[in-house]
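Asker: Sharing a structure with you now.
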Amino acid sequence: MKGSNPGFFENDGGTSEHGSISKDQLFNSHTAEFIRKRSSIYPDISEDEEKKIIRKVDFILVPMLFFTATMGAVDKVSLSTAAIYGFKEDNNLVGQQYSWLGSILFIGSLVGMWPMSYILSKYPLGKVLASASLGWSSFTLLLCACNGFAGLATLRFLMGFLECAIVPGCTLAAGRFYKKKEQGLRLAIIFAFASSVINGFLSWLVGYFKHGALPEWKYLYLLVGSISFLWSCLMLYFLPDSPMNAKFLTDREKYYVVRRSLLNSTSVETNDWKWYQAKEAVLDIKAYLIFLFNVCINIPNGGLSTFSAIIITNLNFDPMRASLMGIPTGVIATLATIFFTWLCSRFENRRCLIAIISLLIPIIGAGIVYGVDRSKVGPQLLGLYLLYFYFAPYVVLISLAQANTAGNTKKSITYSINYLGYCVGALIGPQTFRANQSPKYTGGFIAMLVALCLCIFFSGLYWLVCIWENRNKDLKYNGKIFLEEDGNVEKASDDHIFEDESLFDLTDKEQKHFRYTT
């Protein structure tokens with residue numbers, strides 16, 4: 001790890017395309033003071049010692065974020081398995097009302113996206129994420145008190161309003177602890193598709209409550225909501241906002257984690273809202289390409305999360321067996337995501353290519369489910385399981401958006417735009433499954449095929465835009481400053497330019513050394 005540079009704090013300010021900007025405007029003074037006081041106390045450490053600190057973060061922070069994100073997802077996908085335990089009949093749902101319960105959660109997310117993005121950027125990240133988790137788990141418990149569409153729709157809307165904090169909150173948290181190259185695999189674990197595994201097990205367990213005092217689907221929501229609520233209470237105390245207040249790190253470890261996170265050029269922690277960064281985010285074409293990608297990739301997500309258990313039940317499985325048959329979907333999605341993000345870490349600047357290759361697998365799966373006769377249970381299950389490979393390119397592109405965005409406010413707005421795509425796609429997905437097309441759901445599977453093919457197109461276009469913008473920066477700055485994906489400076493005209501830039505809350509366009517990962 002690099003030692004402190006004599007010029008580390010020499011500049012009085014930074015300049016950008018927006019004019020001269022002082023340290024008071026851009027600098028996180030708390031982080032600056034922390035680094036300043038300890039730079040002369042703590043010596044350089046070896047690569048092995050640095051890896052040991054990061055392993056500690058891996059074993060503590062990643063499980064915290066993983067289970068927080070997973071329980072939020074379980075709250076959503078449990079609707080699918082509740083349906084096979086009499087949920088629709090007990091609540092007198094008719095026509096497309098069930099599909100709308102799948103979609104309305106994402107309408108809540110659309111409404112909550114902008115205020116939640118502002119809150120995430122303005123207030124302590126860990127506390128906001130844990131509080132949102134506490135809220136959505138409470139609404140999950142309250143679903144048990146409903147007996148009709150109106151009450152269910154209201155609670156699902158409110159759950160979506162709070163759950164939109166999951167993706168940007170966990171992604172921002174990872175960005176404050178890890179370098180760009182390290183984030184992809186960690187995000188793959190954090191957003192692993194474990195919700196289907198947990199939901200499948202709990203749904204199977206609910207089958208043993210067949211003769212209980214309550215309908216079986218209510219026991220499912222009581223289990224899911226209670227586990228999520230208790231976890232949220234723990235996270236209110238333990239989940240850190242940044243390395244600066246991580247209870248599991250010593251003061252010395254905090255110093256080294258903060259120092260290396262500055263090499264991201266994306267992760268300065270500040271609660272200042274900057275309107276010029278918001279404008280830059282809104283005008284950035286890359287944000288809209290990821291938005292369109294997210295719309296398309298989440299059409300399968302929305303459809304499968306609402307109808308997968310029903311699709312399996314229609315293959316002549318009883319509810320308990322259908323619950324167990326849903327567990328492999330989560331395992332397959334998780335293993336696929338870890339494998340493809342591992343490939344991204346092995347082959348630098350090949351994320352778009354890897355995403356395109358991984359998209360071919362769910363396209364094959366959708367074709368099998370749509371084209372093979374439904375009486376052939378084996379091929380139908382194979383096609384359904386292959387469809388869940390869609391989650392791998394989704395996580396790869398999320399990590400790419402994280403790596404290619406700098407500036408606290410810009411990151412928040414960019415994630416909001418990306419999440420808007422997620423909500424729109426997930427909202428559309430359930431609506432493509434028409435009640436009058438059961439059990440084949442022709443419209444749903446045609447929509448999946450088209451959407452996945454469009455994902456390939458948008459991934460390739462994003463790749464080309466990043467290459468073009470990198471070449472423009474090389475020409476503008478004559479190749480004087482270049483940052484590799486792992487955060488190491490390959491070439492620089494001034495050693496302290498890089499370190500000074502990394503301590504400012506500057507956007508990716510403002511930073512001369514910043515190059516986009518492809």
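Asker: Scan region 205-256 for residues that are over 30 Å from I45 (Cβ atoms), open to solvent by 70 Å² or more (accessible area, probe 1.4 Å) and at pLDDT below 90 and report the count.
Answerer: Adding up the residues that qualify gives 6.
Asker: What's the number of the condition F433 fails, among (1) part of a helix (DSSP H, G or I); (2) over 21 Å from R186 (Cβ atoms); (3) touching a Gly at 6+ places or on another chain (Cβ under 9 Å)?
Answerer: (1)
Asker: Looking at (1) surrounded by fewer than 23 Cβ atoms within 10 Å (Cβ to Cβ); (2) under 20 Å from A69 (Cβ atoms); (3) modelled with pLDDT under 85; (4) not small (G, A, S), which one does I198 not meet, given that it meets all the others?
Answerer: Only one criterion is unmet by I198, namely (3).
Asker: List the number of the failed condition for A192; all other conditions in (1) assigned to a loop (DSSP other than H, G, I, E, B); (2) of a type outside the set (D, E, K, R); (3) surrounded by fewer than 19 Cβ atoms within 10 Å (Cβ to Cβ) hold.
Answerer: Just one mismatch for A192, condition (3).
Asker: For region 317-356, how many residues are assigned to a loop (DSSP other than H, G, I, E, B) and aromatic (F, W, Y)?
Answerer: 2
Asker: A further question follows. Among the residues of region 428-457, how many are open to solvent by less than 10 Å² (accessible area, probe 1.4 Å) and of a type in the set (D, E, K, R)?
Answerer: Final tally of qualifying residues: 0.
Asker: What do you reckon, is G425 more than 30 Å from K122 (Cα to Cα), touching a Gly at 6+ places or on another chain (Cβ under 7 Å), open to solvent by less than 10 Å² (accessible area, probe 1.4 Å) and assigned to a helix (DSSP H, G or I)?
Answerer: no
Asker: Can you give me the number of residues within region 216-256 that are closer than 23 Å to F139 by Cβ, free of Cβ contacts under 8 Å to residues at least 60 places away in the same chain and within 25 Å of the chain's Cα centre (by Cα)?
Answerer: Number satisfying all stated conditions: 4.
Asker: While we're here: Can you tell me how many residues within region 297-316 are within 24 Å of S459 (Cα to Cα) and either open to solvent by 10 Å² or more (accessible area, probe 1.4 Å) or outside any helix (DSSP H, G or I) (or both)?
Answerer: Counting residues in region 297-316 that are within 24 Å of S459 (Cα to Cα) and either open to solvent by 10 Å² or more (accessible area, probe 1.4 Å) or outside any helix (DSSP H, G or I) (or both) gives 3.
Asker: Does region 357-385 hold any residues that are farther than 11 Å from L452 by Cβ, assigned to a helix (DSSP H, G or I) and open to solvent by 30 Å² or more (accessible area, probe 1.4 Å), and which are they?
Answerer: Correct list: I357, I368, Y370, G371, V377, G378, P379, L382, Y385.
Asker: So which of F67, F87 is under 21 Å from the mean Cα position of the chain (by Cα) and at pLDDT 85 or above?
Answerer: It is F67.
Asker: Which members of region 49-74 meet the condition of being closer than 22 Å to G302 by Cα and open to solvent by 30 Å² or more (accessible area, probe 1.4 Å)?
Answerer: F66, F67
Asker: Which residue pairs have Cβ atoms under 7 Å apart, sit 6 or more places apart or on different chains, and have a first residue in region 124-148 that is under 13 Å from D75 (Cα atoms) and a second that is among the polar types (S, T, N, Q) and crowded, with 17+ Cβ neighbours inside 10 Å?
Answerer: Note: pairs meeting the criteria are S133/T68; S133/S228; S133/S232; L134/S232; S137/S228; S137/S232; T140/S228.
Asker: Any idea how many residues of region 320-352 are touching a helix residue (DSSP H, G or I) at 6+ places or on another chain (Cβ under 8 Å) and either farther than 24 Å from G86 by Cβ or open to solvent by 70 Å² or more (accessible area, probe 1.4 Å) (or both)?
Answerer: Summing the residues that are touching a helix residue (DSSP H, G or I) at 6+ places or on another chain (Cβ under 8 Å) and either farther than 24 Å from G86 by Cβ or open to solvent by 70 Å² or more (accessible area, probe 1.4 Å) (or both) in region 320-352 gives 21.
The values are calculated or read from the model by the stated rules, or taken from the named source; none is laboratory data. In this text the structure is predicted, and so the values were computed from the model without any measurement. All Cβ positions, glycine included, derive from the backbone under ideal geometry; neighbour counts span all protein chains shown. Just the protein is used for accessible areas: all its heavy atoms, side chains included, with ligands, DNA and RNA removed. Shrake-Rupley method; radii C 1.70, N 1.55, O 1.52, S 1.80 Å.
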